[in-house]
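I have placed the structure first, in the form of structure tokens, so that the comments after it can refer back to it.
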Amino acid sequence: MTDHSKPADARLRSALPWLLVTFLAVVAGGALWMNYGSGTKSVAPQQKAEVSPPPNPAIEQTKQALSSLQQIVQDIQASQQKLADQINGIQQNVSAQRGEQKLLSDQLGALSARVDALASASAESPPPASQPAPPQQKSKRGTPPRI
């Protein structure tokens, strides 16, 4: 048995360096592959940033149109606010005028009631006794007398 074990031992000793070299080659290859994979990934975005395509004129026109539309919308909103303020002022004026009209209407009603009361009081009372008219003096020139 010892004779058999010696050749196996010799085979193991001669294969051990090959196994060790193969293992180290796999580890080194894996390390290089990891570094190369991450290296190309980090370089690619930098290259993309450096090599950006020229600006598209359609995009610039769209940006300008959007900017002008935003300005128009702001102008319209400012005009709407101004009109809303004017409408509020007009509504306040109309409300004040309605208040004045109601006050005048109430005053006219009170005045009308007083006139009616005076008219009915004068109708109920007897007319005053008539007095003879004073004699008119004739002027020297024939002009009518002044009253």
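Within the stretch 90-147, how many residues turn out to be surrounded by 10 or more Cβ atoms within 10 Å (Cβ to Cβ) and either in contact with a helix residue (DSSP H, G or I) (Cβ under 9 Å, 6 or more places away or on another chain) or modelled with pLDDT under 65 (or both)?
2
Could you identify the single residue in Ser79, Ser67, Ser52, Ser38 that is under 19 Å from the mean Cα position of the chain (by Cα) and modelled with pLDDT under 95? First the steps, then the outcome.
Details: Ser79 fails: modelled with pLDDT under 95; Ser52 fails: under 19 Å from the mean Cα position of the chain (by Cα); Ser38 fails: under 19 Å from the mean Cα position of the chain (by Cα).
Just one listed residue meets the conditions, Ser67.
The values are calculated or read from the model by the stated rules, or taken from the named source; none is laboratory data. Just so it is clear, the structure is predicted and the values come from calculations on it, not from any experiment. Here Cβ is always computed from backbone atoms with ideal geometry, including for glycine, and neighbour counts include all displayed protein chains.
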